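Scroll down for the structure; my scribbles are underneath it.
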Amino acid sequence: MKTQAPCYLLFTVMLSMFCQPVLASSWQICRTELRITDTVTKPFPQLQAEILKVSAKTATVICPEQGATILFMPETADYQAVLPRRTWPKKGQVVRVDYRYLDGTCKGDGKDYPCRIKHYPLPGH
């Protein structure tokens, strides 16, 4: 029993030397003010909006440009669900959205590829 502890310790040290470190990232946040221009139904329901104002919370954040048009599905503030369509903002309405993204590496079909997780929460929902 006592000889297992040094072996386990040696195994753990060797494993940590050969494994690549895991790098965690943090959410990047852009505060945006959007004017809803349309509701798109194909390929799936989402809102189209023009960006009226945008500001980054930190200098390293890459935000969409003012005047650009984006497509998104509005979510609850806790990112757990897409808002029911009956509660979506209407065409012409101006809303504030804290667009958040997280860059990382996704896995699929045995290959790693860069990907971005995006969230568009509407405050107060």
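Bear in mind that the values in this text are calculations on the coordinates, not laboratory data. Just so we're clear, the structure is a prediction, and the values are computed from it rather than from any experiment. So basically every Cβ, Gly included, is an ideal-geometry build from the backbone, and we count neighbours across all protein chains shown.
Worth a mention:
- When each of R35, R85 is scored by the number of other beta-carbon atoms lying within 10 Å, the sequence from fewest to most is R85, R35.
- Label-reachable residues, the range 39-54, where backbone N falls under 17 Å from a point 7 Å from D98's Cα toward its Cβ: 54
- Take the Cα of E65, step 7 Å toward its Cβ, do the same at K42, and the gap between the two points is 2.9 nm.
- Spatially proximal lysines relative to K42 (Cα-Cα < 22 Å; intrachain offsets below 8 disregarded): K90, K91, K118
- Scalar couplings 3J(HN,Hα) for the range 48-61, obtained by applying the Karplus form with A = 6.51, B = -1.76, C = 1.60 to θ = phi - 60°, are 10, 9, 9, 7, 8, 9, 8, 8, 8, 6, 9, 5, 8, 6 Hz; x denotes Gly and Pro.
- Amide H contacts of Q66 (H built 1.01 Å from N, under 5 Å, at least 5 apart or other chain): none
- Hydrodynamic radius by Kirkwood, which averages 1/r over all alpha carbon pairs of the range 22-119, in angstrom: 14.8
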